[in-house]
1. When you scan segment 1-27, how many residues do you find that are modelled with pLDDT of 70 or more, open to solvent by less than 80 Å² (accessible area, probe 1.4 Å) and not hydroxyl-bearing (Ser, Thr, Tyr)?
2. So which of Asn90, Asn75 ends up being assigned to a helix (DSSP H, G or I) and out of contact with any Leu (no Cβ under 7 Å at 6 or more places or on another chain)?
3. Hey, does segment 84-97 have a residue that's over 19 Å from Gln132 (Cβ atoms) and either of a type outside the set (S, T, N, Q) or open to solvent by less than 60 Å² (accessible area, probe 1.4 Å) (or both)?
4. May I ask you to list pairs of residues, at least six apart or on different chains, whose Cβ atoms are under 6 Å apart, with the first in segment 106-119 being more than 16 Å from Gly86 (Cβ to Cβ) and modelled with pLDDT of 85 or more and the second being assigned to a strand (DSSP E or B) and hydroxyl-bearing (Ser, Thr, Tyr)?
5. Pick from Leu58, Leu33: which is open to solvent by 30 Å² or more (accessible area, probe 1.4 Å), of a type in the set (A, V, I, L, M) and assigned to a helix (DSSP H, G or I)?
Amino acid sequence: MNKRTKNKIMNEDGTATVETVLWLPALFMIFILIVNASFVFYKQSIMMRVIQDANRALSVGRIGPVDDLAAAAVNTQAYVEERISGFASNGTVKTTVNPTTRVITTTASVPISDLIFNGKFNLLTGFSITAQSQHFVEY
């Protein structure tokens, strides 16, 4: 083997490029997972705020009818569904009012696939996020 061929074989130029090509896809996937998790938790906090606002509105009598708690619960459920429908088309909402304790309970559940930023790298398929809030009826 001549010296020129041996130098080309033993030359280590470009090894950083090979390592970069190997690690870059893994780092990109981790970055996308972090972004998606951030979107999920951000939208969960929005869901929680909407549920708390709706329960509060029902508890002080802004969502009616005031004399029929069951009908007011249906109106509250519709209010929450309408507010979260912009980012959670497959979400479910359930609002109940316990007539004995007069506690309003609203639960919203949304599949994570509705909440993520990018659907191409969805590692959390099959899971859902739930937000629940309870308030006392004040009137």
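The values are calculated or read from the model by the stated rules, or taken from the named source; none is laboratory data. Here the structure is a predicted model, which is why all the values come from computation and not from measurement. Cβ sites come from the backbone with ideal geometry, for glycine too, and all protein chains shown count toward neighbours. Keep in mind that these areas ignore ligands, DNA and RNA; they rest on the heavy atoms of the full protein, side chains included. Shrake-Rupley method; radii C 1.70, N 1.55, O 1.52, S 1.80 Å.
1. So the count comes out to 3.
2. From the options Asn90, Asn75, the qualifying one is Asn75.
3. Residues of segment 84-97 that are over 19 Å from Gln132 (Cβ atoms), as a first pass: 86, 89.
Going one step further and asking which of them are either of a type outside the set (S, T, N, Q) or open to solvent by less than 60 Å² (accessible area, probe 1.4 Å) (or both), we end up with 86.
Yes, there is a match, as at least one residue in segment 84-97 is over 19 Å from Gln132 (Cβ atoms) and either of a type outside the set (S, T, N, Q) or open to solvent by less than 60 Å² (accessible area, probe 1.4 Å) (or both).
4. If the second residue must be assigned to a strand (DSSP E or B) and hydroxyl-bearing (Ser, Thr, Tyr), the pairs left are Thr106/Thr95; Thr106/Ser133; Ser109/Thr92; Ser109/Ser128; Ser109/Thr130.
5. None of the others qualify; the one that does is Leu33.
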